[in-house]
Structure formats: C-alpha cells, structure tokens
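Questions regarding the structure given below will be posed in turn.
Please treat every number below as a calculation from the coordinates, not as lab data. What you see is a predicted model, and the numbers here were worked out from it, not measured in a lab. All Cβ positions, glycine included, derive from the backbone under ideal geometry; neighbour counts span all protein chains shown.
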Amino acid sequence: MTETDGLLADRRADDAPRTFDGAAGGDPAAAPPAVLRIAGTAVPRQVGPYFTSDPADPVELHRYAQAAGLAVLGDTARRHWARLGSDSGYEICADPDGVVRAVLLDWDEPLRFVNTTPEAFADGLRALDEALAGFAAAKDGTEATTAFRRLKERLAQADPQALADPESWWPLVLDDIRHTSGTEWYAAVEYRDASGKLTIVTASGGICLHPEERLWAELHAAGVEPEQVTRIHTDLEVCFMPGHYCSMWMAQLFPDAELTHGIPYGETAESRAEGLRLLRERTARQSRD
C-alpha cells in the first residue's frame with residue numbers, strides 16, 4: 001500500500017452526488033421537517049474515510065437505525081432528524097432547523113456539532129474531497145501544507161462555528177489529517193496461524209490511514225480471521241476519531257485479544273497533542289540510539 005491509501009481508499013469521484021428531496025422520508029406530505037429542510041442538498045457519496053452516503057439508506061434517522069438493527073437513544077426528537085450519511089461510527093444528521101450534528105446510535109453519547117446548515121456541511125465535504133486529492137498529488141510538504149491551509153480557511157469562511165470548538169466534528173477531522181500526515185507510528189498484531197504457530201506482523205499508517213487499519217486489512221485479505229488474533233499493540237492509544245473509531249471497531253472485532261498501547265492519545269485536543277508530542281520525542285530518542 002502507498003502513503004495515499006487512506007485518503008484515496010474507495011473514493012468514488014466519478015459518482016454523481018446524492019441529492020436529497022422532500023420525499024426522502026416516504027410520503028412527501030408526511031415527511032418530517034428535518035427531511036424537508038435538507039431537500040435539494042447534494043453531498044458526495046464518499047469522501048476519503050470521513051464520510052459515506054448511500055442513496056439506498058433511509059433518510060429519517062429512526063428508519064435507518066431500525067434497518068441497521070440499532071437504536072436512537074437520548075432525546076426522542078432525534079428519531080426524526082434527517083440522516084445525511086455516516087463517518088464510519090456516528091451518523092451525520094440535520095435537525096428541523098438545519099443544524100448538523102453527529103449522533104452515535106446504540107449509545108447515549110454527547111452529540112458532536114458539525115455545521116450550522118446542511119449547505120455548509122455539503123460545501124465542507126466538497127472542500128475536503130478537493131483537499132484529499134491535493135494531498136495525493138502533492139510533490140512535497142509545502143504543497144500538502146498549502147492544501148491543508150486552504151481547506152481550513154474554506155471551512156472557516158463557510159461556517160465559523162464549525163471550527164469554534166476543538167471537539168466538534170470538523171476540528172477532529174482536521175486533527176486526524178494533520179496527525180497522520182505529520183507523524184509516523186506503528187501497530188503490531190500477534191495471531192495464531194493454521195498450524196498453531198504465533199506470528200507477529202507490524203505496519204505503519206499513512207495519510208488518513210491508521211496503522212491498525214492498514215495491518216488488519218492486509219491480514220484479513222490474506223485469510224486471517226478475527227478469532228486468530230491474540231494481541232494488538234499500537235504506538236498510540238487507539239482512537240475515537242471520525243472516519244476511524246479504532247477503539248470501537250477493534251473492541252467489537254477482537255473481544256478476546258489483548259489490546260495495549262505505548263502512549264496515551266485521549267479524548268481531548270490537549271491530550272491528543274500531548275500524545276503526539278511524546279511520540280515524536282520517543283522517535284527522536286530512538287533515532288539517536
């Protein structure tokens with residue numbers, strides 16, 4: 001795999017965007033206000049690992065949750081929000097006023113603010129898609145930095161509130177891009193092969209791609225099943241970031257495996273920055289030894 005695998009994986013730039021209409025909830029006369037609010041909004045069907053939207057999915061959140069065998073917890077009004085798509089963990093939804101938030105089904109977790117309007121969210125997705133293409137085409141770090149700066153500026157101009165809180169959805173996406181492009185870290189997986197022999201393999205990540213994601217994709221493609229995995233160690237604590245949610249999918253996929261990490265990553269902007277600082281310091285020490 002190349003360094004751009006994470007940001008280009010499954011991108012479908014040639015696909016027409018998904019455009020929502022007032023009938024998306026079923027009978028147009030009975031469509032919930034949130035579904036009517038997003039009528040005319042067009043979103044890309046996929047943007048890197050951070051967003052997918054399948055036209056076959058129900059738009060009303062509770063209908064989607066029911067089809068997926070999940071539950072909408074918390075405020076019952078959320079059941080009728082309009083689902084724009086997913087970030088591989090949370091569902092990106094608009095309320096009747098058009099405010100876009102990320103909702104985690106089956107868990108009563110705090111909502112993540114995304115945008116003040118679905119139009120701003122759609123524009124942000126297009127900007128993100130262009131930026132990811134820019135990263136892939138960049139000939140050097142300067143070009144990649146320029147693409148990142150333009151993305152952040154466009155997000156801020158379109159919707160200043162989107163970047164106001166470091167724990168909102170867009171700042172988390174920007175953090176993930178910055179961290180995966182600026183720092184290299186590794187994961188190691190121990191598994192038992194068909195003969196019973198324990199084998200350990202390692203891999204680094206890439207831009208918008210975490211090492212544990214790359215490693216498991218390669219192992220699973222080679223025929224390794226989840227129950228064969230006995231231990232997983234990551235340089236950085238596994239994340240709860242948009243597009244990845246490694247702590248969630250790994251816990252579900254490997255319930256009996258031992259999961260360890262070298263450096264905490266945490267759930268705040270400060271803890272994540274501290275984790276990256278410690279990782280860089282450790283890498284620098286190891287390069288001197």
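Name the residues whose placed amide hydrogens come within less than 5 Å of the amide hydrogen of Leu73, ignoring near sequence neighbours (fewer than 5 apart) on the same chain.
Asp106, Trp107
Here is a follow-up. Can you give the relative contact order of the range 186-288 as a percent, counting alpha carbon pairs under 8 Å and 6+ residues apart?
Here the relative contact order equals 23 percent.
Summing +1 for each Lys or Arg and -1 for each Asp or Glu, what net charge is found among the other residues whose Cβ lies under 9 Å from the Cβ of Arg83?
-2
Output wanted: per-residue J couplings in Hz (rounded whole) for the range 278-289, from phi through Karplus 6.51 cos²θ - 1.76 cosθ + 1.60, θ = phi - 60°, x for Gly and Pro.
Karplus-based 3J(HN,Hα) across the range 278-289 equals 5, 5, 5, 5, 5, 4, 5, 5, 5, 6, 7, 6 Hz.
Next up: If you average 1/r over every pair of different alpha-carbon atoms in the chain and take one over that average, what Kirkwood value in Å do you get?
Answer for the chain: a Kirkwood hydrodynamic radius of 20.1 Å.
If you count the DSSP beta bridges with both ends in the range 186-288, what percent of them are antiparallel, to the nearest 5?
Roughly 70 percent of the beta bridges in the range 186-288 run antiparallel, per DSSP.
While we're looking at this one, here's another question. Could you tell me, in Å, what Rg and Dmax come out for the Cα atoms of the range 186-288?
Using the Cα atoms of the range 186-288, the pair Rg, Dmax is 14.2, 45 Å.
Quick one: net charge of Gly182's neighbours, Cβ under 12 Å, K/R +1, D/E -1?
0
Tell me which residues come under 5 Å, amide H to amide H, from Ala203 once H is placed; ignore anything under 5 positions away on its chain.
Those qualifying (amide H under 5 Å, at least 5 residues apart or on another chain) are Ala187.
Now, a different point. Which cross-chain or sequence-distant (5 or more) residues have an amide H under 5 Å from the amide H of Gly85, H modelled 1.01 Å from N in plane?
Amide H neighbours of Gly85, under 5 Å, 5+ apart: Ile92.
What list of ³J(HN,Hα) values in whole Hz, one per residue of the range 173-179 in order, does the Karplus curve 6.51 cos²θ - 1.76 cosθ + 1.60 (θ = phi - 60°) give from phi, with Gly and Pro shown as x?
So the Karplus estimates, Gly and Pro as x, are 4, 4, 4, 5, 4, 5, 5 Hz.
Pairing the Cα long axis of helix 141-158 with the longest principal axis of the chain, what angle in degrees results, from 0 to 90 and rounded to the nearest 10?
Between the helix axis and the principal axis of the chain, the angle is about 30 degrees.
Which order do peptides 122-128, 208-214, 259-265 fall in by mean Cβ count within 10 Å, highest first?
Most protected by this proxy first, the peptides run 208-214, 122-128, 259-265.
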